[in-house]
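Structure first, commentary second.
The values are calculated or read from the model by the stated rules, or taken from the named source; none is laboratory data. Worth saying up front: this structure is predicted, and the values here are computed from it rather than measured. Quick reminder, even Gly has a Cβ in these numbers, built from the backbone with ideal geometry, and neighbours come from all protein chains shown. These area figures cover heavy atoms from the full protein model, side chains too; ligands, DNA and RNA do not enter into them. Shrake-Rupley method; radii C 1.70, N 1.55, O 1.52, S 1.80 Å.
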Amino acid sequence: MAASNMQDIKRRIKSVTSTEHITNAMKLVSAGKLRKAKAIFEKTNENSHYITHTIAEIFNSSQDIPQEYLAGNREIKTTCYIVVTSSRGMCGAFNTNVLKEAQREIDTDWEEPMIYVIGSKAKEYFEKRGYKILGDYLAPPEDISFMETRELSQPILDMYDRGKIDEVVLIYTSFISSMEQEVKNVTLLPFEIEKDPDIITHTKQVEYEPSVEAVFNYLVPKYVEMMIHAAVVESAICEHAARRTAMENATDNAREMLDQLSLFYNRARQSAITNEIVEIVAGSEAQK
């Protein structure tokens, strides 16, 4: 009986050791991908922040913004949600938190929403529930280019201009630190002019060439493209950070389990040795 119990514990130790090696390797891989994604984000974020801040500055300074881009100019009936998740699992609650926020927003809509998914986890989630998928992007998010972002956003902007959708909402995960990420919900269109004290407001009259409409018809798509690109890259950082943390926790749990199993194995082995000694002594006494 004791020998059988020891064999079971040894098999369990072998299985947990194999799991610990896998989770530790995945933690190291995720840490490497996290460093790479952070480098890409830091390189692009400075430029994208400058561009989006400049566009916001123009929006806040101008009184001539075409009304179709301003909040309150039309009734919000159909909303397009751009939901950014990962295409892989094993990253803790990363995907669950984004999908919960998206579902909460969708549940408040009276009209059927349109959904553009970035990441296969979002596509699987919404297809399973019968939602209309406007489009998808399933490649690794950290590798997304500005050209791909333009191709992604163009049909959404066209539908907004034609009045088929009245609002564009971006739901993604924002990077705070390696241990903390936060789901964000940003309305891209229509544009809500906020009197942000950090944004310089010019009181002088501004002239636009060739026309106000031409300038803003160029700026608005660029603004949407930059916001989507920055969100996708930032979400990739959060994915790798969440996966590294999840794998680190899994590795620590496996090591704790190995310590406990080793203790149980040693106890079982000591018990078996004690029983053998007792049997030897008992047999020796019986022969006297």
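Structural remarks
- Residues of region 93-123 classified as farther than 30 Å from Thr23 by Cα and either open to solvent by 70 Å² or more (accessible area, probe 1.4 Å) or of a type in the set (D, E, K, R) (or both), total: 8
- Residue-level check: of (1) open to solvent by less than 10 Å² (accessible area, probe 1.4 Å); (2) assigned to a loop (DSSP other than H, G, I, E, B), Met90 misses just (1).
- Given (1) surrounded by 13 or more Cβ atoms within 10 Å (Cβ to Cβ); (2) at pLDDT 85 or above, index of the condition Arg11 fails: (1)
- Residue selected from region 44-78 under the condition modelled with pLDDT of 75 or more and open to solvent by 70 Å² or more (accessible area, probe 1.4 Å), by the criterion farthest from the chain's Cα centre (by Cα): Glu75
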